[in-house]
1. Which of Thr60, Thr98, Thr42 comes first, and how do the rest follow, when ranked by fewest Cβ neighbours within 10 Å?
2. Taking square-rooted eigenvalues a ≥ b ≥ c of the alpha carbon gyration tensor, is the range 27-109 rounded, prolate or oblate, where a/c under 1.5 means rounded and, failing that, a/b exceeding b/c means prolate?
Amino acid sequence: MAKALRRTAAFTALAKALMAGARGGPSIGQRLAALPRMMKATARGEYDGGVRVAMMAAATAYVISPIDVIPEAALLIFGLVDDAAMIAWLAGSVLSETERFLAWEKQRDSVLLGKIVP
């Protein structure tokens, strides 16, 4: 019972940290809202996240795809390990890349575009 309460408290603390933005960083809502903007900016060539965004898209496709490198039906728990590893990598990549994108976006918005006149 005490172990279940500690686990619940840990998940609650994690959820609060993600929603509030850990270490003063962007919240999970800001990060999720930034994903479409990040993909558009990458597609237009404005943001340099091409390879990273493509890898995240491929990882997402792999996780939701019915085709698997290690099928769950044949190997039970071992079949879930590759999906869990991919999800863990994807979550870390999304957190890292959205934080990088939001910093880039903030820096970009503070620069005034114009001509240099000699």
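What follows draws every value from the coordinates through simple rules; no lab data is involved. Predicted, not measured: the structure shown is a model, and the values here were computed from it. Don't worry about glycine lacking a Cβ; one is built from the backbone with ideal geometry, like all the others, and counts go over all protein chains shown.
1. Neighbour counts put them in this order, fewest first: Thr60, Thr42, Thr98.
2. It comes out prolate by the Cα gyration axes.
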